[in-house]
Amino acid sequence: MKQVINRQLFASALLGFEIDGAEKLNQDLMAVINERRKIELGVKVSNNHGWHSANDLFVRPEPAFKTVAGHITRAAMGLIRGSIENFDLSLHDIEGEGWVNVSGKGAFNSPHGHGAYLWSGVYYVQIPEQPSGMSGTLEFIDPRNIVGTGSSLRPPVFAPKFQVRPQPGHLLIFPSYLVHWVYPNEDDSDRVSIAFNIKIVSRGNIITASAS
């Protein structure tokens, strides 16, 4: 028997990066985030009891936000180049939005996705040093909700959920359609992250995240 096809169908990639110089960057980010919280009420989206900034990461003037936006843009462009066959970068750019999440004790994010975009992700600024239980854990839910229900012996690729314990300075990127949520923060210190969405647009459209 000769094999003629070997493709991964409907796989959902999760990529993680460790940002160089994250400790100093995170200190700078906390300073500007704390200043924003003094003057901005925040908005309500999937956040429960936490503070959610406006979706303006890629147009913020502060150097710390610009640095994070640059890391996100470079990671996203590398991912797009590697995942879309014959992608012509000269004809496209990326459009992005990003926001800050500050989750105090008891705050969490309800299950949700970002289907209007291509890739989503999160950068972790501050995490309690020794989280209690599942506190602040990011959980992804398999969108193929009927997969593997007929067998108790499912390989990991068919697991119904996948959990990530966040670490400061880590950047995660995943397909926007993946439903995910964040367990309640059980600790006294805040959990702080910067979330984002990315999509491909044709050159000439309004660009909020440059491909530099």
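The values are calculated or read from the model by the stated rules, or taken from the named source; none is laboratory data. Just so you know, these numbers come straight off a predicted model, no measurement behind them. Reconstructed Cβ throughout: ideal geometry from the backbone, glycine too, with neighbour counts over all protein chains shown.
Overview of values
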item	result
Strands (runs of 3 or more DSSP E) wholly inside region 1-112 that include at least 3 residues being within 17 Å of Gly169 (Cβ to Cβ)	15-18, 92-103
Qualifying positions in region 113-129 - in contact with a Pro (Cβ under 8 Å, 6 or more places away or on another chain), farther than 28 Å from Arg7 by Cα and either part of a helix (DSSP H, G or I) or not aliphatic (A, V, I, L, M) (or both)	Tyr124, Gln126
Qualifying residues in region 66-91 (those that are among the small types (Gly, Ala, Ser) and touching a residue at least 24 places away in the same chain (Cβ under 8 Å)) - the one nearest to Ile33 (Cα to Cα)	Ala69
Qualifying residue in region 34-53 (condition: modelled with pLDDT of 90 or more and in contact with a helix residue (DSSP H, G or I) (Cβ under 7 Å, 6 or more places away or on another chain))	yes
Filter result (more than 24 Å from Asn55 (Cβ to Cβ) and either touching a His at 6+ places or on another chain (Cβ under 7 Å) or of a type in the set (Phe, Trp, Tyr) (or both)) within region 1-40	Phe10, Glu18
Condition broken by Ser83, with the remaining ones in (1) more than 18 Å from Phe140 (Cα to Cα); (2) at pLDDT below 90; (3) surrounded by 15 or more Cβ atoms within 10 Å (Cβ to Cβ); (4) out of contact with any helix residue (DSSP H, G or I) (no Cβ under 8 Å at 6 or more places or on another chain) satisfied	(3)
Region 137-196: number of residues that are at pLDDT 85 or above and among the β-branched types (Val, Ile, Thr)	8
Scan of region 90-124 for residues that are exposed (fewer than 13 other Cβ atoms within 10 Å of the Cβ) and either within 21 Å of Val68 (Cα to Cα) or more than 18 Å from the chain's Cα centre (by Cα) (or both), ordered by number	Ser90, Leu91, Gly106
